[in-house]
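Below: the structure, in structure tokens.
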Ligand SMILES: Nc1ncnc2c1ncn2[C@@H]1O[C@H](COP(=O)(O)OP(=O)(O)OP(=O)(O)O)[C@@H](O)[C@H]1O
């Protein structure tokens, strides 16, 4: 299997607090990988390092987009990380609440456009054509993600589950090869969570993205993931298939605390 994201010895200090402590991880092409761990384990910090929000104290982050050569992404700003093909969603919904569903996706799509400020000001034929394409592509993405019925709705008026899916649509609009989802099922009802499960598998199978997700819903994690990485206090404490993780004593201890020793 081909590795497309390789994280080596990732370490992040916030003053005296070591939020990540030499964490290794890899994701293969076509995999759905979950990152789990108790609150404060360092999962979001891990995402923030990969996506350029934090510059890690130590370690290496290497991507290998199919058809492109290996690239180190340490030190790249978030917009450049997105351009390289890593897109993410956030723990708390971060949509442009007063814009329509279509506009939210178009904003994501713009990172793949070539017309710059001059094009926007003078609006030559190439710019107009490119804008038309952005609209068409955005419609197509919304259809794939099952949001066509809401195209012209203002984002904040959407049901909660649809807002979370819209975040995924906006991330997909940037044409990623790795999609990072930070607690995508948070706050969803069981029906919405089932739909999310289907959507994530569909994105992997049809859109050929590999997926790394942070998630607390263990039922979803166990059903979706090819592999699971477990963190606790900034360290990776286990990795393996769902069955291996379910029965791993270190994982059980991290989640349940010392009581399991009794
Ligand atoms: N910007 C920051 N400055 C200082 N400390 C931080 C910062 N961001 C995170 N931390 C600390 O780093 C540790 C890991 O936090 P992080 O949010 O990555 O955990 P998490 O596993 O995502 O938790 P949760 O499941 O609750 O979202 C925590 O102790 C947290 O307080």
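The values are calculated or read from the model by the stated rules, or taken from the named source; none is laboratory data. Note that the coordinates shown come from a computational prediction; the quantities given were computed from them, not determined experimentally. Neighbour counts run over all protein chains shown; Cβ positions are idealised from the backbone, glycine included.
Here are some notes:
- Checked against (1) at pLDDT 95 or above; (2) under 28 Å from residue 7 (Cβ atoms), residue 166 passes all but a single condition, namely (2).
- Elements of type strands (runs of 3 or more DSSP E) contained in region 1-108, each with 1 or more residues being over 19 Å from the mean Cα position of the chain (by Cα) and at pLDDT 95 or above: 3-14, 17-28, 58-63
- Candidates 65, 72: the one that is more than 10 Å from the ligand (Cβ to nearest atom), assigned by TED's automatic domain parsing to the domain that holds residue 10 and in contact (Cβ under 8 Å) with a residue 40 or more places away in the chain is 65.
- Conditions (1) at positive phi; (2) surrounded by fewer than 14 Cβ atoms within 10 Å (Cβ to Cβ); (3) in contact (Cβ under 8 Å) with a residue 40 or more places away in the chain; number of the one not met by residue 2: (1)
- Within region 28-45, the set of residues being under 19 Å from residue 62 (Cα atoms), within 6 Å of the ligand (Cβ to nearest atom) and surrounded by fewer than 19 Cβ atoms within 10 Å (Cβ to Cβ) comprises just one member, 44.
- Condition check for residue 13: within 16 Å of the ligand (Cβ to nearest atom), without any contact (Cβ under 8 Å) to a residue 60 or more places away in the chain and more than 26 Å from residue 111 (Cα to Cα): yes
- Selection within region 207-262 - exposed (fewer than 13 other Cβ atoms within 10 Å of the Cβ) and touching a residue at least 40 places away in the same chain (Cβ under 8 Å): 208
- Hey, residue 55 within 16 Å of the ligand (Cβ to nearest atom) and buried (at least 22 other Cβ atoms within 10 Å of the Cβ) or not: no
- Test for residue 30: is it on the phi > 0 side of the Ramachandran plot and touching a helix residue (DSSP H, G or I) at 6+ places or on another chain (Cβ under 8 Å): yes
- Verdict on residue 170 being over 19 Å from residue 33 (Cα atoms) and surrounded by 15 or more Cβ atoms within 10 Å (Cβ to Cβ): yes
- Lone unmet requirement of (1) crowded, with 22+ Cβ neighbours inside 10 Å; (2) assigned by TED's automatic domain parsing to the domain that holds residue 47 for residue 147: (2)
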